[in-house]
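No value in this document is a laboratory result; all are computed from the given coordinates. Since we're looking at a predicted model, the values are computed, not measured. Cβ placement follows ideal geometry from the backbone for every residue including glycine, while neighbour counts extend to all protein chains displayed.
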Amino acid sequence: MRKQQELAIEVRGVGRVYGDGAGQVTALSNIFLNIRQNEFFTLLGPSGCGKTTLLRLIAGFDFPTDGEILLYGEDIAPLPPFKRPVNTVFQNYALFPHMTVAQNIGFGLEMLGRPKTEIATRVEEMLALVHMEAMRNRKVMQISGGQQQRVALARALAPKPKVLLLDEPLSALDYKLRKEMQVELKRVQAETGITFIFVTHDQEEALAMSDRIAVMSHGEVRQVGAPWEIYDRPAERFVADFIGETNFLAADVISVDGPRIRVRLSNGSLLDATYPVDLMPEGKVTIVIRPEHAQLATPSSTAMLTGQIEDLTYLGTDTHIRVRLPDTSLFTIRQQNNRVGPIGFSAGDAVSLNISEGAAQILKD
Amino acid sequence: MRKRFDIRVQPGFATIAMFCFFLLYVPIFTLVVYAFNSGISIARWEGFSFRWFVAAWNNNLVIEAAIRSVQIAAIAAVIATAVATLAAIATTRTAGYRGLTFKYSFINMPLMVPEIVTAVALLILFSRIKVWTGYSGLGYLILAHTAFCIPFAYLPIRARLENMDLALERAAADLYATPFKVFRYITLPLLWPGILAGMMLSFVISLDDIVITEFVKSAGQETLPTYMLGQLRRAITPEMNAISTVFLLLSLAIVTIFFFLSRSNEKSD
């Protein structure tokens, strides 16, 4: 973590346009990203947002139509994939079916022309790293999906790449295995100290694993930040909406006082909210409140918001409650089930909502 | 004991299938049986004997024709497969472009053009060349067979390439394999069953050919099928049955190998 200031990858004004004339499609436009050494960096976004295209540009399977991609200061954008010290874990692993596990792992080093003894040692190291020693002589079709995933990881790490790219590597696994592999990937990253660039559309996965996240949509980067920043301080409506569940409320700006801003909600209550630094809020704004930052209470005249419970969804660890506000919009609350038994409210109850200090934030639209 | 409705059961299917098999195989069965006839007739059974196999074996014309057939088929199959492999790679490992479909049909043209037309065309062309060069060896037959074998070799190879996950080649390139090494260590080994299948298909097709061969061959260049055709002008003895039987066994052997290859093919996918 000491050398985290050093940049592994710099993406400078990268764009990728397919086709020409009327049929032109812009997959990426004007992307700027700095990815630090040793970082677990995630590209997050819905399908078609350009995250995989960006990964392919870094890997060399595709070439940018604009901008440059620096790997430790050197422009790699014009290099073919086999000349880049960058390896990829593919979505469907792309293991070579005619080779054993060990041969798959050793392939990269073999192509680099390393001596046989070095390859053998490195393959053993990698097998140990992913706990696959017992499978070394199996054909890759004879092992399970989770094991294939480990082999794919070991194969990509064996040549000690400067950056490891992971293209939705967990999407083919079932829930439990996916959770296991998330921990596993974090462990491997910590042990090897290699910069990971991870592509996913799963926001939960991104929040759980990343040091920093770049949220993308429509070929643009919307926000870059630590998981908590992305979640708690979304820069704009798309980010707030895409990451987790969110309540959006219309409000009017009353006064601005340093980092705080006072707004009036549609029911007349006043609320303090924060706002992104690059925004100068005035007039009508949208504020965002996360479902877990509001609590249900019995009706009281001093409550900030009141409403009627529309429905409750019991989810084991917590309960989702949707409250119908007087202006007919729905407000979602996520309440932890920290006591055994029902939560004590039922559909149709009149309730008031308490909003946690500092939970409200104004958004760029 | 099927009690419930079953989508896989079609009434009368078994009967019709049996009838078709009967029609298909009775003539062949009869042919094989009469290869072992001890008499001179191909229609009247006189007892069991290997005499016609011995007769065929001792017939120099038959042996020469057989050797020539295998020679032509082997060389034509190898050349056709090599060309077809290159063609298949060129037409699958590329982004689609205008004219690609035209190329497909161009490669597969020999399948569409009536064989007799090709035969006559080749006869005219080759006779000119023969006059100019004075060469009249097996080259013409090999060339002609290679030409019509190419689409047969091309189809299984292309099918295999199209089913191959492009990510595999990409992964190899990602792991520092140059384009040549990607081909050498990934594409070629995975393509190998397709290549062998294409080669065997070409071999069988060439071995069996009669129309083009009949037109293109020079004097004394009988292949097994043209020799047998020639024998029809005389009285047929069970020697023909014996030759056919050996031919049949050879084809069966090749088809069996083909089957096992395509099976190992599926397993490795």
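Under the combined filter of DSSP loop state and at most 16 neighbouring Cβ atoms within 10 Å, the range B:29-109 retains these chymotrypsin sites (Phe, Trp or Tyr not before Pro): B:TRP45, B:PHE50, B:TYR97.
With helices as the sole contributors, chain B gives -24500 deg cm²/dmol at 222 nm; each DSSP H run of n ≥ 4 counts as -39500 (n - 2.57), and the sum is divided by every residue.
Taking A:LYS116 as the anchor, which aspartates and glutamates have their alpha carbon closer than 13 Å to its alpha carbon, excluding any fewer than eight residues away along the same chain? A:LYS116 reaches A:GLU124. Cross-linked pairs A:LYS51/A:LYS179; A:LYS51/A:LYS284; A:LYS162/B:LYS181: Cα-Cα separations exceed 29 Å for A:LYS51/A:LYS284. Inter-chain neighbour count for A:90-96: the average number of beta-carbon atoms from partner chains within 10 Å of each residue's beta-carbon is 5.
Distant-in-sequence amide contacts of A:SER217, defined by a placed amide H-H separation under 5 Å and a gap of 5 or more residues or a different chain, comprise A:ARG222. Within the listed set A:GLY258, A:GLY113, A:GLY73, the residue fluctuating most in the Gaussian network model of chain A (springs between alpha-carbon atoms under 10 angstrom) is A:GLY258. Placing +1 on the Cβ of every Lys and Arg and -1 on the Cβ of every Asp and Glu, with nothing else charged, gives chain A a dipole about its Cα centre of roughly 1020 debye. Close amide H pairs (under 5 Å, H built 1.01 Å from N) link A:ILE31 with A:GLY13, A:VAL14, A:GLY15, residues at least 5 positions away or on another chain. Please give the net charge around B:PHE126, taking every other residue with its beta carbon less than 14 angstrom from that of B:PHE126, where Lys and Arg add +1 and Asp and Glu add -1. With Lys, Arg at +1 and Asp, Glu at -1, the net is +2. Note on chain A: with a GNM built from Cα contacts shorter than 10 Å, the maximum mean-square fluctuation among A:THR100, A:THR328, A:THR200 falls on A:THR328. Taken one residue at a time, the phi angles of the range B:157-162 give Karplus couplings (6.51, -1.76, 1.60, θ = phi - 60°) of 5, 5, 4, 5, 5, 5 Hz. Gly and Pro are set to x.
Partners of A:LYS186 within straight-line reach, counting aspartates and glutamates whose Cα lies under 12 Å from its Cα and excluding those fewer than 8 residues away in the same chain: A:GLU39, A:GLU205, A:ASP211. Of all lysines in the structure, those lying under 26 Å Cα to Cα from B:LYS130, and not within fewer than 8 positions of it along the same chain, are B:LYS217. Among the trypsin sites (Lys or Arg not before Pro) found in the range A:276-349, those both in a DSSP coil and sparsely packed, with 10 or fewer other Cβ atoms within 10 Å of their Cβ, are A:ARG339. The label point for B:THR94 and the one for B:ALA55, both projected 7 Å from the Cα toward the Cβ, are 5.5 nm apart. For B:ILE124 and B:SER38, the difference between the fully extended length at 0.36 nm per residue and the C-alpha to C-alpha distance is 26.5 nm. Give the average, rounded to an integer, of partner chain Cβ atoms located within 10 angstrom of each Cβ in A:75-82. Mean number of neighbouring Cβ atoms from other chains: 3. Other residues whose C-beta falls under 10 angstrom from the C-beta of A:LEU265 contribute a net charge of -1, scoring Lys and Arg +1 and Asp and Glu -1. In chain A, taking the dipole from charged Cβ atoms about the Cα centre, the farthest positive-side position among A:GLY50, A:LEU207, A:PRO81 is held by A:PRO81.
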